[in-house]
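Working notes, structure below.
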Amino acid sequence: MVIKTAEFVKSSGKWQECPEPNIPEYAFIGRSNVGKSSLINAMMNHKDLAKTSQTPGKTQLINHFLVNESWYLTDLPGYGYAKVSKVQRKDFEKLITNYILNRRNLVNLFVLVDSRHTPQKIDLEFIQWCGESGVPFSIVFTKADKLKPNVVIKNVEDYKAELHKTWEDLPELYITSAEKKEGGDKILDFIQTTNEFLKNNSVNFDE
């Protein structure tokens with residue numbers, strides 16, 4: 001997919017305030033400091049589209065971007081903030097779960113995990129929740145440039161082994177590096193293929 005246009009639409013503090021759900025939408029989520037904003041910017045070839053910050057948990061709203069005037073890319077607040085109060089964390093979790101479960105044009109959720117680490121309990125729990133809730137999702141491994149390729153492969157295989165303890169079939173997996181702009185093209189290819197399928201089958205999100 002060639003990115004011709006990518007523009008910020010709005011930030012929403014409630015899922016009901018999101019843009020009209022009349023075109024396909026793809027959301028990105030992960031723990032704070034997983035490299036979500038950097039990956040989005042690399043995919044969109046726009047260094048300042050999604051705000052990056054040295055402070056984990058900067059994204060506290062649902063941020064919508066219109067891509068090629070035909071689909072939404074959504075930057076969701078992260079989960080598992082370490083530096084916010086329990087009340088704030090609950091508010092974030094409520095915002096995230098309400099959006100994911102109620103946004104009828106959400107086609108796929110990309111769950112980002114840091115390829116440098118062993119499977120983290122909080123990521124595994126969120127992935128399990130997605131499966132139990134019937135949420136279509138893919139797993140995106142980030143920051144692959146920080147490790148040697150063989151180490152990345154080993155870490156991904158370890159992650160798959162951990163998932164196979166409770167999953168028979170695994171979701172789509174992507175290995176990415178925002179720094180080297182690698183892997184994002186495969187995500188965009190998936191989005192393009194899915195959008196073409198939706199169009200060819202006349203899927204109407206207003207129904």
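The values are calculated or read from the model by the stated rules, or taken from the named source; none is laboratory data. Quick caveat: nothing in here was measured; it's all calculated off a predicted structure. Cβ atoms come from the backbone with ideal geometry, glycine included; neighbour counts cover every protein chain shown. All accessible areas refer to the heavy atoms of the entire protein, side chains included, with ligands and DNA or RNA removed. Shrake-Rupley method; radii C 1.70, N 1.55, O 1.52, S 1.80 Å.
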Inspect the range 146-153 for any residue being among the polar types (S, T, N, Q), open to solvent by less than 50 Å² (accessible area, probe 1.4 Å) and out of contact with any Asp or Glu (no Cβ under 7 Å at 6 or more places or on another chain) and give the result as yes or no. no
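When residues of the range 136-145 are filtered for being in a loop (DSSP other than H, G, I, E, B) and surrounded by 15 or more Cβ atoms within 10 Å (Cβ to Cβ), how many remain?
Let us first name the residues in the range 136-145 that are in a loop (DSSP other than H, G, I, E, B), namely 136, 143.
Going one step further and asking which of them are surrounded by 15 or more Cβ atoms within 10 Å (Cβ to Cβ), we end up with 143.
Matching residues across the range 136-145 total 1.
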Do we find a residue being surrounded by 14 or more Cβ atoms within 10 Å (Cβ to Cβ) and either part of a loop (DSSP other than H, G, I, E, B) or on the phi > 0 side of the Ramachandran plot (or both) anywhere in the range 155-166? no
Which members of the range 6-36 meet the condition of being in contact with a strand residue (DSSP E or B) (Cβ under 7 Å, 6 or more places away or on another chain) and polar (S, T, N, Q)? Ser11, Ser12
Taking the range 4-35 and keeping only residues that are within 25 Å of Glu182 (Cβ to Cβ), modelled with pLDDT of 90 or more and open to solvent by less than 40 Å² (accessible area, probe 1.4 Å), one is left with Ala6, Pro24, Glu25, Tyr26, Ala27, Phe28, Ile29, Gly30
How many residues of the range 50-107 are at pLDDT below 80, in a helix (DSSP H, G or I) and closer than 16 Å to Val34 by Cβ? The answer is 1
Somewhere in the range 175-184, is a residue open to solvent by less than 40 Å² (accessible area, probe 1.4 Å), hydrophobic (A, V, I, L, M, F, W, C) and out of contact with any Lys or Arg (no Cβ under 8 Å at 6 or more places or on another chain)? no
Return yes when Phe110 is open to solvent by less than 40 Å² (accessible area, probe 1.4 Å), at pLDDT below 95 and either in a loop (DSSP other than H, G, I, E, B) or not hydroxyl-bearing (Ser, Thr, Tyr) (or both) and no when it is not. no
